[in-house]
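Here the structure is laid out as structure tokens; the discussion comes afterwards.
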């Protein structure tokens with residue numbers, strides 16, 4: 001994994017976004033995700049764009065909104081992050 005990607009995923013909010021999408025803890029729209037992780041809308045858009053460029057999420061247009069879904073790779077990463085956090089909390 002590139003250093004930039006490592007630094008990116010060592011931040012709390014991208015991790016929370018990945019896990020929220022994985023566990024379907026919120027609606028999969030940018031505004032709902034940003035509220036769920038307590039981030040600004042623009043920060044959430046920027047973060048999700050980076051995840052898309054890394055092949056972790058995909059966007060589907062549904063009417064006026066875009067829904068965000070984890071890709072297969074994104075599901076694997078999110079599950080690994082979830083397990084890591086769970087282990088750290090034990």
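Every read-out reported here was derived from the displayed coordinates using simple, explicitly stated rules and does not represent laboratory data. These figures come from a predicted structure and were not determined experimentally. Neighbour counts are summed over all protein chains in view; Cβ atoms, including those assigned to glycine, are modelled from backbone coordinates with ideal geometry.
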How many residues of segment 18-36 are in contact with a strand residue (DSSP E or B) (Cβ under 9 Å, 6 or more places away or on another chain) and either in a helix (DSSP H, G or I) or touching a residue at least 24 places away in the same chain (Cβ under 8 Å) (or both)? The answer is 8
Need pairs with beta-carbon distance below 9 Å; first residue exposed (fewer than 12 other Cβ atoms within 10 Å of the Cβ) and within segment 37-53, second in a helix (DSSP H, G or I); sequence gap 6+ or separate chains. 38/13; 38/16; 40/34; 42/34
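Of all residues in segment 54-90, which are without any contact (Cβ under 8 Å) to a residue 24 or more places away in the chain and outside any helix (DSSP H, G or I)?
Within segment 54-90, 55, 58, 59, 60, 61, 62, 63, 64, 71, 90 qualify.
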